[in-house]
Amino acid sequence: MDAAAEVPAEEILFQKHAKYFVRFLNILPARLASHDSTRVTIAFFAVSGLDVLDSLHLLSDSFRTDIVNWIYSLQVVPGLGARPCGGIQGSSTLNVLNPPECCGLEAYRWGHLAITYTGIAVLVALGDDLSRLDRRAIIDGVAAVQRPDGSFSATIDGSEHDMRFVYCAAAICAMLNDWGRVDRRKMAEYIQKSIRYDYGISQHYEMESHGGTTFCAIAALELSGQLDILSADVRAKIVRWLVFRQQDGFQGRPNKPVDTCYSFWIGATLKILNAFELTSSKDNRQYVMSTQDKTVGGFSKWPGSHTDPFHTYFGICGLSFLQEPGLQPVEPALNISQRAFQRLKQLHAVWELEQEQPDGNGTVPSGSSSSNSTCVKRDVRVNIE
């Protein structure tokens, strides 16, 4: 086809997508009632989505404050002598003041790794200084859910343990710049043992390679400063598996249909491995844009399907990797905007100064983290207003 006759590239409907996210912050449809316990993750997709769209100005100062206070209201800080279950819970369902002793509701309040990760990310995106987080309790809570094989459970009781929560644990520790008693080496060994015969990475031992969990594994190694445990040969074979996931958009597994969210999961992993340029940006963009809802905004997993905040956010992040004009750049390993990532690095610098300047009693401030800390090493310079 003559280049002059090509169909013009479809435009991103910035305002509609921004309004779409704002609606989800104001009210959730009845069909999402079953997601009550994970409302924080929905807020993450909406707030971080607005951040990448450079549209946080649509949220008033009072609304931002309400969101920040809501996140803090879900923080769980264990009492003296209690189990190390610190973190953020997903909903206010169990927030009963002074529950009767017979009910014992407090025994069921504990942090959840995925909720803690997304909750902290929301606070950072909204410009909070994290001063009300009990960082020590959160890091102790992360260490408490690490399993002997190096993996992590989501909660201190009654949860699966797999690569999803390995990533959440690594992201929390990186964001709080503290690894505490987390055994990073054991975590890396778990990841290495989950590399499959085709060099994708599975959710747990002996399971199928998956694009989402390959991201979780590679990002966890990056965040913990251990990406170099993968030999050049292994890295090249993982890159090959990832590149082969592109049809037009990206699929999560061989012989599966393509899906908008994998423009992030696969794209971010290739970004971390410095191999994103091996993909077709044109085909990637065309597929993601084919899932755009032109009426109410949002992106869906497949063309003509219902939109949702999850696929909308990851679709926009995938487009950001393509350097789409008007979108903020995204930090691939932490899955937040580069602007939020730079703000996080500034907080790390403040915390490190606090550690060097004990209070009058010669002790480190109570909210401070321990000295066993690392942060993402990628150098990013972004001006923050």
Exercise. With axes computed from alpha carbons, what is the tilt in degrees of helix 113-125 against the longest principal axis of the chain, rounded to the nearest 10 within 0 to 90?
Worked result: 80 degrees
Seminar exercise, completed: Note, Leu133: beta-carbon cut-off 13 Å, +1 each Lys/Arg, -1 each Asp/Glu, net -2
Exercise. Computed FRET efficiency, Cβ-Cβ of Ser231 and Gln355, R0 30 Å: what is it to the nearest 0.05?
Worked result: 0.25
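Evaluate E = 1/(1 + (r/R0)^6) for Tyr72 and Gln192, where r is the Cβ-Cβ distance and R0 equals 41 Å; express this FRET efficiency to the nearest 0.05.
0.65
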For this session: Determine ³J(HN,Hα), in whole Hz, for all residues of segment 248-261 in sequence, where each value follows from phi through the Karplus function 6.51 cos²θ - 1.76 cosθ + 1.60 and θ = phi - 60°; x replaces Gly and Pro.
Result: 10, x, 10, 9, x, 8, x, 6, 10, x, 5, 8, 3, 5
For this session: Give me the net charge of Cys216's neighbourhood, meaning all other residues with Cβ under 13 Å from the Cβ of Cys216; Lys, Arg count +1, Asp, Glu -1.
Result: -1
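If we count every other residue with Cβ under 12 angstrom of Gly86's Cβ, Lys/Arg +1 and Asp/Glu -1, where does the sum land?
That works out to +2.
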Problem set entry | Segments 304-311, 141-148, 260-267 sorted - mean Cβ within 10 Å per residue, highest first | 260-267, 141-148, 304-311
Exercise. What nm value, rounded to one decimal, do you get for the distance between Ala33 and Asn274 when each label is placed 7 Å out toward the C-beta?
Worked result: 5.3 nm
Problem set entry | Cα-Cα separations in segment 141-268 greater than 17 Å, expressed as whole percent | 55 percent
Problem set entry | Portion, in percent, of the accessible area of the chain that falls on carbon or sulfur, probe 1.4 Å | 52 percent
Exercise. With axes computed from alpha carbons, what is the tilt in degrees of helix 39-52 against the longest principal axis of the chain, rounded to the nearest 10 within 0 to 90?
Worked result: 60 degrees
Exercise. Based on the Kirkwood radius over alpha-carbon pairs, what value in µm²/s does the Stokes-Einstein equation return for the translational diffusion coefficient of segment 52-188 at 10 °C and 1.306 mPa s?
Worked result: 101 µm²/s
Seminar exercise, completed: Of Asp233, Asp198, ordered by accessible area with the largest first and a 1.4 Å probe, the sequence is Asp233, Asp198
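Quote the relative contact order of the chain in percent (integer), defining contacts as alpha-carbon pairs under 8 Å separated by 6+ residues. Could the numbers behind the result be given before it?
Values: 630 pairs, mean separation 66.8, N = 385.
Over the chain, the number comes to 17 percent.
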For this session: Compute the long axis of helix 135-144 from its Cα atoms, compare it with the longest principal axis of the Cα atoms of the chain, and write down the angle in degrees, 0 to 90, nearest 10.
Result: 80 degrees
Seminar exercise, completed: One can check that the equivalent ellipsoid of the chain, built from the alpha-carbon gyration tensor with semi-axes equal to the square roots of five times its eigenvalues, has lengths in Å, largest first, of 33, 25, 21
Problem set entry | Heavy-atom surface of the chain, accessible at 1.4 Å and reported per residue (Å²) | 45 Å²
Exercise. In a Debye calculation with equal point scatterers on the alpha-carbon sites of segment 139-205 and no solvent, what is log10 I(q)/I(0) at q = 0.15, 0.20, 0.24 Å⁻¹?
Worked result: -0.43, -0.73, -1.01
For this session: Just need the relative contact order of segment 20-158 here, percent rounded to a whole number, with Cα pairs under 8 Å and 6+ apart.
Result: 27 percent
For this session: Tell me what the chain gives for mean residue ellipticity at 222 nm when only DSSP H runs of n ≥ 4 count, each as -39,500 (n - 2.57), the sum divided by the residue total, rounded to 500 deg cm²/dmol.
Result: -13500 deg cm²/dmol
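The values are calculated or read from the model by the stated rules, or taken from the named source; none is laboratory data. All figures in this text were calculated on a predicted structure; none of them were measured in a lab. For neighbour counting, all protein chains shown are included, and Cβ atoms are generated from backbone atoms with ideal geometry for every residue, glycine included. For accessibility, only protein heavy atoms count, side chains too; no ligands or nucleic acids. Shrake-Rupley method; radii C 1.70, N 1.55, O 1.52, S 1.80 Å.
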